[in-house]
Amino acid sequence: MDFIQIYIAEHAKELGLLTVDLVLFGFSYYAYNKNRHNIACIHQSKYKGENVTYKYNELENNTTYGLVKGTVTPIGKPLTSLYDNSITGVVQKLSITEHVASRGRYGFWSEHSRVLHERNNSSPFCLINEKFKILVQDASYANQIDMHVTYDKFEESSPSVMDLLLIIASGSRQRGIQTTEEMLKAGTVVSIIGDIIVAKDNSYTIAPPKDKPFYIITGSIQTLLSHLESNKQLYKGFSIVFGAIAVAILFYSGKQVYAKYKAKKTKEEKDRRLRETRHQRRAAMRETDVVEELRCVICQIHGREIVFKPCGHFCVCEDCNDSITSQCPMCRTVIQERIPTYL
């Protein structure tokens, strides 16, 4: 336990760097695995394109992971754009973002943003083409939805004189508010990858899978695969770099620990040999007839040869000193130093 505490104290900087590096490595490796898994799922999916011909009880659990393509058609009343009544759709995302400029510690200004409000709405819809009709379930749970930007406005702030004084004092100012609306518009041709479910009446529903990706895209599947492959290679590179850094930190720390361990063992061996030499020399020089007042209080044979500090007792020989662990045998004071003393 003491070794661990000493190691942490001596290598706090390396351990801190290693912790940060392992967190980044874990995130990168997770993202790499996720993109790899999604690519594999898309490749393994049963591509049905514009035609679905499954019947009830034809599939295991009446479900298969596949891809379908068709035109977005609302079921019932569609959603209407908040800013243009002529635009209707089935999925709507409204976000209000604040853009702020702040002064850093060295006097430089940097910009950042934060989302003040975000709202998502959806309404039932299905995909229709000349050969089939399929109900889309829980579209808002898709890993990716390609939507059109139907409204985007940035309102720049106009600070007063008092506001300018507060900006100078606080080092932060609001640049403006951006309002954005995105919609999956009715009539859009999309491709959806998900679980195709066959009902008893041989109608179809496509829904989010439990352990596979769910995509609603307006582009081609090849474009999606290229994007995922690019992300996979990017995170793979990050994983390799952060993994190599972790190995380098561990190697550097391990090398230092081994050097200290080797130095410690060398010192212990040197001290052991010095003690043996001293014991042999002392044994050859010891008087055989020691007065009782100067005999070791433990063996009562050899003369007293060690002074304990801080208590100052001069009471044991070198041989018996090796058997004393921490406390003076005379007063039970914790021994901090042992001084060989010869009369």
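So the values come out like this:
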{"quantity": "Dipole of the chain, positive end: most advanced residue of Pro159, Ser122, Asn231 [Cβ charges, Cα centre]", "calculated": "Asn231"}
{"quantity": "Extended-chain gain in nm, criterion 0.36 nm per residue less alpha-carbon gap, Glu118 and Glu156", "calculated": "11.7 nm"}
{"quantity": "Whole-Å distance, taken between Cα centres, linking the stretch 11-48 and the stretch 245-313", "calculated": "52"}
{"quantity": "Trypsin sites (Lys or Arg not before Pro) restricted to the stretch 63-139 and DSSP loop, no more than 13 other C-beta within 10 Å", "calculated": "Arg105, Lys131"}
{"quantity": "Cβ-Cβ FRET estimate between Met330 and Asp289, R0 fixed at 25 Å, reported to 0.05", "calculated": "0.55"}
{"quantity": "Computed lengthening from Lys34 to Ile96, 0.36 nm per intervening residue step minus Cα-Cα distance", "calculated": "19.3 nm"}
{"quantity": "Student exercise, the stretch 24-93 dipole from Lys, Arg, Asp, Glu Cβ charges, in Debye to nearest 20", "calculated": "120"}
{"quantity": "Degrees separating the helix 12-44 axis from the principal Cα axis of the chain, which is the longest one", "calculated": "30"}
{"quantity": "Trypsin sites (Lys or Arg not before Pro) within the stretch 298-343, DSSP loop, no more than 14 other Cβ atoms inside 10 Å", "calculated": "Arg332"}
{"quantity": "Of the GluC sites (Glu not before Pro) in the stretch 195-289, those whose Cβ has at most 13 other Cβ within 10 Å and which sit in DSSP loop", "calculated": "Glu287"}
{"quantity": "Debye, to nearest 20: dipole size of the chain, +1 on Lys, Arg Cβ, -1 on Asp, Glu Cβ", "calculated": "760"}
{"quantity": "Cα-based Rg of the stretch 98-141 normalised by 2.2 N^0.38 Å, two decimals", "calculated": "2.36"}
{"quantity": "Furthest towards positive pole of dipole, Tyr106, Val257, Gly76, structure part the chain, Cβ charges", "calculated": "Val257"}
{"quantity": "Cα-centred dipole magnitude for the stretch 45-219, charges only on beta-carbon of K, R (+1) and D, E (-1), debye, nearest 20", "calculated": "220"}
{"quantity": "Mean ellipticity per residue at 222 nm, deg cm²/dmol - from DSSP H runs of n ≥ 4 across the chain, formula -39500 (n - 2.57)", "calculated": "-12500 deg cm²/dmol"}
{"quantity": "Pairwise Cα inverse-distance average, inverted: Kirkwood Rh of the chain (Å)", "calculated": "28.7"}
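A short reminder: the numbers here are calculations on the coordinates, not readings from a lab. What you see is a predicted model, and the numbers here were worked out from it, not measured in a lab. Backbone-built Cβ (ideal geometry, glycine too); neighbour counts: all protein chains shown.
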